[in-house]
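One structure is given below, encoded as structure tokens.
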Amino acid sequence: MVNETARHVVERYLNMEAPKYALLVDAPWGCGKTHFIKEVTKCEMDQSRLYLSLYGVHTAEQFDWALVRAMKPWTDGVAAKWTGRAKELASGVKVFGIGVDLTKVDLTEIGLMGLPDTLIFDDVERCGLDMNPLMGLINRFVEHDGKRVILVANSDEHKELPDFLKTREKLVGQVVSIQADVDAAIANALTKMPEGQGRTFLTDHQSVIKEIFEEARHQNLRLLMRAMRDAADLIDKIEPEMVAFTESMLGLLRTFLALHMAYHGGKITKEDVGRRTEIRIKRNRRLLDPEFQHPDFDPEKQSFDDVLWDTEVLGDELASQLFVEGYATCDQINIALKNTHRFAEPAQQPDWLRQWGWHEESDDEFDAICARIDARLAAHEIIEPGEILHVYHARAHLGKYLDDFDEQENAWFFCKYICDLIDEGKLPARSLGVAGFDNGYGFSLAAGTVVYKGHSSGLDKYSAFLANFMCKEMDEVLKRELTYKAEELMGLMSSAPGEFCRQLRQREQGGSYWNVSILHNLDVEKFVSVWMALMENDRHHAIVILQLCGDRVSTGQSSMEDEALWSKRLFEKLVEEAKKISPMRVAQVRRILQSN
């Protein structure tokens, strides 16, 4: 049994008469010290044993009052009657057979006269008292009163660790450590969960929960139990037919627990949660470059980290909703999971994904998959860049096991296919400044990996060329579209200036023109005319618009060079037109421009 030795040590100490030394139970935060000591001492039922926490105690007076409050003096026994006897309090009463003038006596001294024989002080490392005064207060019970004193602490986290270690030698006669009883904690957490498919799934896979906890190596059972509680709530919201996909659900459970404990344990930030794909890709670079070590990679916790940064089942967007925003609707959860294609029968999965599982498909079924993909390629119907790359990669992967496969010919076919899409106007434009790591291309590309809809594959020299080629051409498509989009933006400036500003600002969701050069497509003279009118009717938005123009070119991005030249002409034209109105208008324009 876990902590059996520690249990024997505590029980033996409880049976000693005036041991003249304190017993220290020393273990990390969250490993179950409080639960353990309360269970062994039965202090919540045995009135001869008093438990109290020193958390938040900063003075000797607060220390004494904490003891008095722990004994509930104002609700039990003689002391409960004192508050209703104002006249007697003023004139004096008999307490424990002794006449006392309560106007001259510290009530805590009276309360402390009834302390039991065993005192348990928890959270010693969180006490606000300095080490020497605290140990002095506790020592009076050990040496002078002959009481049994049990200290519960996490020495490693003590703010005065050297002094604590030196001082405890004079007071503490024995130190015992305990380990996190993960089996008991898991069982306890399950009993507190409401009935549902979440509780059922966790109950059936307790070994997986224990495995993730042990790989995390923090020994904090509180973090585990909170993660389990929220995991059950998440699973309760998932459609039952999806929960039936056990392997995918286990992948989700592993990643959710790892991410939950790391985030709430302060090991990763909310920014890390939203960039897990990026971190995963950079960490994977070590597979291609053994000398590269990403700062987020801990070789001692490689297995745990691999689960933590896994985005194939729990992607960045859903993770941000669950952890950073703190809530995701049932629809958001189920849609995000369905988009991973991990919760569907093979026949329901897209062909580009099934192609990767060629070794699991029957010959007839795989021939049918290839025939459908070939037909779509012939009709130029596969236009999503990420899907194109995965079809290429799947064929290249299969080709490694074929005798007559030509990888160069395969790459050339897809290069020509992309050129055909460009000629026919079917290659999509890059999306506008969307949130996420793919920068609007529909797939992630960095450090030797391409990721599309949660599925990753390693880049080779051909796919790297194809990916970069598509990115460049998607940028060109966007540039051509911006000519028409600029006219729409110009219309917003006069009809809805607030929306105009919103389109230019950096946004987390929904996309914007923040990192897209577009203003150089606007006519400078028309812009100045609309702006001057705004200064008369909506000065606030007029000022904000001009400030945004300056902010956009001040970033120094090479992609904004055209817009920077346009802004220079704009500012010159604004001053020129302001001179036609009044010296005051010139001053106003110059002041706004200088604020940038």
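Which number in (1) modelled with pLDDT of 85 or more; (2) within 30 Å of GLU325 (Cα to Cα); (3) in contact with a helix residue (DSSP H, G or I) (Cβ under 7 Å, 6 or more places away or on another chain) marks the one condition that ARG502 misses?
It fails just one condition, (3).
Can you name the number of the only condition in (1) exposed (fewer than 14 other Cβ atoms within 10 Å of the Cβ); (2) without any contact (Cβ under 8 Å) to a residue 40 or more places away in the chain that GLY146 fails?
(2)
With the requirement that a residue be assigned to a helix (DSSP H, G or I) and among the charged types (D, E, K, R), what does segment 443-486 give you?
LYS461, LYS472, GLU473, ASP475, GLU476, LYS479, ARG480, GLU481, LYS485
Restricting attention to segment 351-375, and to residues there that are in contact (Cβ under 8 Å) with a residue 40 or more places away in the chain and either under 18 Å from GLU247 (Cα atoms) or of a type in the set (A, V, I, L, M) (or both), which single residue is surrounded by the most Cβ atoms within 10 Å (Cβ to Cβ)?
Once the filter is applied, the top-ranked residue is LEU353.
Which of the residues spanning segment 376-397 are open to solvent by 20 Å² or more (accessible area, probe 1.4 Å) and either in contact with a Gly (Cβ under 9 Å, 6 or more places away or on another chain) or not acidic (Asp, Glu) (or both)?
ARG376, ALA378, ALA379, HIS380, ILE383, GLU384, ARG395, HIS397
Check LYS159, LYS210 and return the single one that is among the basic types (Lys, Arg), within 36 Å of the chain's Cα centre (by Cα) and not in a helix (DSSP H, G or I).
LYS159
Are any residues in segment 310-328 within 21 Å of ASN439 (Cβ to Cβ) and in a loop (DSSP other than H, G, I, E, B), and if so, which ones?
Across segment 310-328, the qualifying residues are THR311, GLU312, GLY315.
Please enumerate the residues belonging to segment 576-596 that are touching a residue at least 12 places away in the same chain (Cβ under 8 Å) and open to solvent by 40 Å² or more (accessible area, probe 1.4 Å).
GLU577, ILE581, GLN588, ARG590, SER595, ASN596
Every residue in segment 414-441 that is modelled with pLDDT of 85 or more and either more than 42 Å from the chain's Cα centre (by Cα) or assigned to a loop (DSSP other than H, G, I, E, B) (or both), please.
LYS416, ASP420, ASP423, GLU424, GLY425, LYS426, LEU427, PRO428, ALA429, ARG430, TYR441
Name the single residue, out of those in segment 169-188 being small (Gly, Ala, Ser) and over 14 Å from PHE213 (Cβ atoms), that is most open to solvent (accessible area, probe 1.4 Å).
SER177
Can you tell which of SER494, SER517 is at pLDDT below 90, of a type in the set (Ser, Thr, Tyr) and more than 38 Å from the chain's Cα centre (by Cα)?
Going through SER494, SER517 in turn, just one is at pLDDT below 90, of a type in the set (Ser, Thr, Tyr) and more than 38 Å from the chain's Cα centre (by Cα): SER494.
Quick check: is even one residue across segment 343-350 assigned to a helix (DSSP H, G or I) and either surrounded by 15 or more Cβ atoms within 10 Å (Cβ to Cβ) or in contact (Cβ under 8 Å) with a residue 24 or more places away in the chain (or both)?
No: segment 343-350 contains no residue that is assigned to a helix (DSSP H, G or I) and either surrounded by 15 or more Cβ atoms within 10 Å (Cβ to Cβ) or in contact (Cβ under 8 Å) with a residue 24 or more places away in the chain (or both).
Is it the case that segment 418-426 has a residue that's closer than 28 Å to HIS359 by Cβ and open to solvent by 40 Å² or more (accessible area, probe 1.4 Å)?
no
Determine if segment 194-208 includes at least one residue that is open to solvent by 60 Å² or more (accessible area, probe 1.4 Å) and closer than 23 Å to ASP306 by Cα.
Checked against the condition, which is being open to solvent by 60 Å² or more (accessible area, probe 1.4 Å) and closer than 23 Å to ASP306 by Cα, segment 194-208 yields at least one hit.
The values are calculated or read from the model by the stated rules, or taken from the named source; none is laboratory data. No experiment lies behind these values; they were computed from the predicted model shown. Note that we place each Cβ from the backbone using ideal geometry, even for glycine, and neighbour counts take in every protein chain shown. With ligands, DNA and RNA removed, areas are computed over all heavy atoms of the protein, side chains included. Shrake-Rupley method; radii C 1.70, N 1.55, O 1.52, S 1.80 Å.
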